1. Summing +1 for each Lys or Arg and -1 for each Asp or Glu, what net charge is found among the other residues whose Cβ lies under 12 Å from the Cβ of Val75?
2. Check Tyr59: other-chain or 5+ apart residues with amide H under 5 Å from its amide H, H built from backbone geometry?
3. Taking the Cβ of Trp18 as the center, what net charge do the other residues with Cβ under 12 Å away carry, scoring Lys and Arg +1 and Asp and Glu -1?
4. If amide hydrogens are placed 1.01 Å from N in the peptide plane, which non-local residues have theirs closer than 5 Å to the one on Ala29?
5. Under a no-solvent Debye model with one identical scatterer per Cα of the chain, what's log10 I(q)/I(0) at q = 0.14 Å⁻¹?
6. With label points built 7 Å along Cα→Cβ from the Cα atoms of Glu38 and His80, find their separation and express it in nm.
7. Each residue of the range 17-25 in turn: what ³J(HN,Hα) in whole Hz from Karplus with 6.51, -1.76, 1.60 and θ = phi - 60°, glycine and Pro shown as x?
8. When the helices in the chain are scored as -39500 (n - 2.57) per DSSP H run of 4 or longer and the sum is shared across all residues, what 222 nm value do you end up with, to the nearest 500 deg cm²/dmol?
Amino acid sequence: MSDTVYTCPHCGKKMNKWQSPDESNWGGAIRYVCFSDECPYYVRGWEWMKEKYGVSSSYRSSINPESGWTGPLPVASPDHLKPGIVD
Ligand SMILES: [Zn+2]
């Protein structure tokens, strides 16, 4: 394990190490996630999802440290998924 620090490509804040729930598709895999509530990516997500789908949800910026894959992590509320933060 390395101590690489991942910063959010959207707001520049340090991303939190996060473990996906065992029952999810990712089965306990580690991701780094931007949990900043001021992240423009996350803030825009609420408006976008409302406009496009009429639903109240958003997504946070995330990265897979093994593959380097970056993408959205869907959240249904500001506190959703925060219990998975491990750092
Ligand atoms: Zn961010």
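The values are calculated or read from the model by the stated rules, or taken from the named source; none is laboratory data. What you are looking at is a predicted structure, and each value in this text was computed from that prediction instead of being measured. Positions of Cβ are backbone-derived with ideal geometry, glycine not excepted, and every protein chain shown enters the neighbour counts. These area figures cover heavy atoms from the full protein model, side chains too; ligands, DNA and RNA do not enter into them. Shrake-Rupley method; radii C 1.70, N 1.55, O 1.52, S 1.80 Å.
1. Net charge in that neighbourhood comes out at 0.
2. Here Gly45, Trp46, Val75 satisfy the definition.
3. My count for the surroundings of Trp18 gives +3.
4. Correct list: Ser20.
5. Result of the Debye calculation: -0.46.
6. Here the answer is 2.4 nm between the modelled labels.
7. Whole-Hz 3J(HN,Hα) from phi for the range 17-25: 5, 9, 10, 5, x, 4, 7, 7, 4.
8. Estimated from H runs of four or more residues: -5000 deg cm²/dmol.
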